[in-house]
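See below for the structure under consideration.
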Amino acid sequence: MSIIYFLIGCSVLLALAFLSAFFWAQRSGQNDDLYTPSVRILLDDEQEAVEDK
């Protein structure tokens with residue numbers, strides 16, 4: 001029975017760690033721009049033509 005209390009405690013600590021990592025990612029601005037990455041694949045990159053003479 002004591003192992004269940006230990007496992008519940010470990011799962012609560014793990015959940016708190018993931019929750020704090022989520023809030024840290026939100027504060028650091030990780031999800032500020034959600035539009036540009038989805039459109040970036042559609043845009044052509046201008047590549048300089050290198051002419052070998």
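The values are calculated or read from the model by the stated rules, or taken from the named source; none is laboratory data. Owing to the predicted nature of the structure, the values given are computational and were not obtained by experimental measurement. Every residue, glycine as well, gets a Cβ built from its backbone with ideal geometry; the counts of neighbours run over all protein chains shown. To get the accessible areas, we keep the full protein, side chains included, count just its heavy atoms, and leave off ligands, DNA and RNA. Shrake-Rupley method; radii C 1.70, N 1.55, O 1.52, S 1.80 Å.
So here's what we get for this one:
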item	result
Flag for SER20 being open to solvent by less than 100 Å² (accessible area, probe 1.4 Å), at pLDDT below 90 and part of a helix (DSSP H, G or I)	no
Cross-chain or 6+ apart pairs with Cβ under 8 Å, the stretch 5-21 first and touching a residue at least 40 places away in the same chain (Cβ under 8 Å), then open to solvent by 80 Å² or more (accessible area, probe 1.4 Å) and among the basic types (Lys, Arg)	none
Residues of the stretch 37-53 satisfying the condition of being at pLDDT below 80 and open to solvent by less than 100 Å² (accessible area, probe 1.4 Å)	PRO37, SER38, ALA49
Filtered residues of the stretch 23-36 (kept if among the hydroxyl-bearing types (Ser, Thr, Tyr) and either surrounded by 10 or more Cβ atoms within 10 Å (Cβ to Cβ) or not in a helix (DSSP H, G or I) (or both))	SER28, TYR35
